[in-house]
Amino acid sequence: MSGKEGLSATDNLNSADPYEQAVQELDTILDWVRFGATQFEANDLFFGHGTDNAWDEAALLVTASLHLPYDISPSQASCKLIPNEKQRIAQRIKQRIEQRKPVAYLINEAWFAGMPFYVDERVLIPRSPIAELLQNRISPWMDGIEPLRILDLCCGSGCIGIASLQAFPDAELDLADLSEDALDVANINIHRHGLSHQVAAIQSDLFEQLEGPYDLILSNPPYVDAPDLNDMPDEFHHEPALGLGSGDDGLDITRRILLEAPDYLTDNGVLVVEVGNSWVNLEAAFPAVPFTWVEFEHGGHGVFVITSAELKAHRADFCV
């Protein structure tokens, strides 16, 4: 992008109302991206819900607010905005700073595995490294296997399950979550992607209302332990607490999944679960269990894969 400079950091900070000043003085898309990035840097925001720096965060907010693609051309970046567009962007920049609300909630959209998903504060913002595993068709564990039934357990927005159908387009998919609010969002995404004939959204406390067996179970359950939950930046407190915390060690839900999953997997079935930083606690809790930890090329950690046979062989460990 190229174009005239936006307001300087000094101008912004000295103005009684930097947002109103911006509406009056800034004209182009690039001006607004620069203004947003400057403000974000000056206000010490946390980035981690789709971007990792102030410039990309501002570019995402501005382009999405204008219903434009993120990767606009330099000529598009120099286009001038009309007053109501400026007001909308200024208001969202202000909310991002003063409320610490993540951009995905301001624009009601997040991308996962190359697909757009509707999101709001009823669900976590998609960011799981499981996306990379899906793009590789769960290789090598699912090599030569075409799953007939897939389960996205603790589905939230439904992004992981819906993205799995890119890899396995002929499978039937169940999206399961305890939260009715989350399932309302998941249904929006089912319809958005035209999958009503192939996907069911089911309210269930883990497996209670589900009928197996499944060839593949994918889960990004709550897994944040108590110390990490207390230390999270303000941006995370806009996300539903039900989707984050899981007991002192972050494993309350994961323990139940490990114990119950064997009864809902086919003999050749595979379980994929994300536990994030709680992977250390999981290894300590079940030292004999052969969790395979996925190494990601594009970043991320704390995702394990385990087969149905391995789960059944270690069922006694999970009963402790």
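The values are calculated or read from the model by the stated rules, or taken from the named source; none is laboratory data. Remember, predicted model here, so these are calculated numbers, not experimental data. Cβ: placed from backbone, ideal geometry, glycine included. Neighbour counts: every protein chain shown.
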TODO: Could you run through the stretch 214-235 and say how many residues are free of Cβ contacts under 8 Å to residues at least 60 places away in the same chain, crowded, with 17+ Cβ neighbours inside 10 Å and assigned to a helix (DSSP H, G or I)?
DONE: 1
Task: Residues of the stretch 279-316 that turn out to be in a helix (DSSP H, G or I), over 24 Å from the mean Cα position of the chain (by Cα) and in contact (Cβ under 8 Å) with a residue 24 or more places away in the chain, as a count - done: 6
Task: Total residues in the stretch 157-185, condition in contact (Cβ under 8 Å) with a residue 40 or more places away in the chain and either more than 20 Å from Leu258 (Cβ to Cβ) or assigned to a helix (DSSP H, G or I) (or both) - done: 16
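This table checks each residue for (1) at pLDDT 95 or above; (2) of a type in the set (S, T, N, Q).
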position: Glu57; (1), (2): yes, no
position: Tyr70; (1), (2): no, no
position: Leu81; (1), (2): yes, no
position: Arg96; (1), (2): yes, no
position: Gln99; (1), (2): yes, yes
position: Pro102; (1), (2): yes, no
TODO: Considering (1) touching an Asp or Glu at 6+ places or on another chain (Cβ under 9 Å); (2) not assigned by TED's automatic domain parsing to the domain that holds Glu297, say which one Phe112 fails and leave the rest.
DONE: (1)
Open item on the list: Among the residues that make up the stretch 249-266, is at least one of them closer than 23 Å to Arg122 by Cα and within 17 Å of the chain's Cα centre (by Cα)?
Closed with: no
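Within the stretch 296-320, work out how many residues are over 19 Å from Ile217 (Cα atoms) and not aliphatic (A, V, I, L, M).
Of the residues in the stretch 296-320, 7 are over 19 Å from Ile217 (Cα atoms) and not aliphatic (A, V, I, L, M).
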Task: Tally, over the stretch 206-229, of residues that are at pLDDT 95 or above, within 24 Å of Asn277 (Cα to Cα) and not polar (S, T, N, Q) - done: 5
Open item on the list: Please pick out the residue among Pro233, Pro221 that is in contact with a helix residue (DSSP H, G or I) (Cβ under 7 Å, 6 or more places away or on another chain), within 22 Å of Val123 (Cα to Cα) and in the same structural domain as Ile160 (by TED's automatic domain parsing).
Closed with: Pro221
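I want to confirm something. Restricting to the stretch 292-305 and keeping residues that are among the hydrophobic types (A, V, I, L, M, F, W, C) and surrounded by fewer than 17 Cβ atoms within 10 Å (Cβ to Cβ), which single residue is nearest to Trp141 (Cα to Cα)? It would help to see each step written out before you state the result.
Taking the stretch 292-305 as the starting set, the residues that turn out to be among the hydrophobic types (A, V, I, L, M, F, W, C) are 293-294, 296, 303-305.
Cutting the leftovers down to surrounded by fewer than 17 Cβ atoms within 10 Å (Cβ to Cβ) gives us 293, 296.
Details: Trp293: 12, Phe296: 15 Å.
If we take residues in the stretch 292-305 being among the hydrophobic types (A, V, I, L, M, F, W, C) and surrounded by fewer than 17 Cβ atoms within 10 Å (Cβ to Cβ), then Trp293 is nearest to Trp141 (Cα to Cα).
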Task: In the stretch 25-39, residue nearest to the chain's Cα centre (by Cα) [restricted to those that are touching a residue at least 40 places away in the same chain (Cβ under 8 Å) and surrounded by fewer than 21 Cβ atoms within 10 Å (Cβ to Cβ)] - done: Thr28
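Yes/no per residue for (1) buried (at least 20 other Cβ atoms within 10 Å of the Cβ); (2) not in a loop (DSSP other than H, G, I, E, B):
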{"residue": "Ala59", "(1), (2)": "yes, yes"}
{"residue": "Pro69", "(1), (2)": "no, no"}
{"residue": "Ile72", "(1), (2)": "no, no"}
{"residue": "Gln76", "(1), (2)": "no, yes"}
{"residue": "Glu85", "(1), (2)": "no, yes"}
{"residue": "Lys94", "(1), (2)": "no, yes"}
{"residue": "Ile97", "(1), (2)": "no, yes"}
{"residue": "Ala104", "(1), (2)": "yes, yes"}
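Sort out which residues of the stretch 100-112 are in contact (Cβ under 8 Å) with a residue 24 or more places away in the chain and more than 10 Å from the chain's Cα centre (by Cα), and write them in order of number.
Result: Arg100, Lys101, Pro102, Val103, Tyr105, Leu106, Ile107, Glu109.
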Open item on the list: Going by what's in this entry, would Thr266 be described as crowded, with 22+ Cβ neighbours inside 10 Å, assigned by TED's automatic domain parsing to the domain that holds Leu183, of a type outside the set (A, V, I, L, M, F, W, C) and in contact (Cβ under 8 Å) with a residue 12 or more places away in the chain?
Closed with: no
Task: Qualifying positions in the stretch 70-99 - without any contact (Cβ under 8 Å) to a residue 40 or more places away in the chain, over 23 Å from Pro233 (Cβ atoms) and of a type in the set (D, E, K, R) - done: Asp71, Glu85, Arg88
Open item on the list: Name the residue that is modelled with the highest pLDDT, counting only residues in the stretch 1-22 that are among the hydrophobic types (A, V, I, L, M, F, W, C) and more than 32 Å from the chain's Cα centre (by Cα).
Closed with: Ala16
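Taking the residues in the stretch 269-278 that are surrounded by 17 or more Cβ atoms within 10 Å (Cβ to Cβ) and at pLDDT below 95 as candidates, determine which candidate is farthest from the chain's Cα centre (by Cα). Show your work before the answer.
Of the residues in the stretch 269-278, the ones surrounded by 17 or more Cβ atoms within 10 Å (Cβ to Cβ) are 269-276, 278.
Now narrow it down to the ones that are at pLDDT below 95: 276, 278.
Values: Gly276: 13, Ser278: 18 Å.
Ranking the candidates gives Ser278 first.
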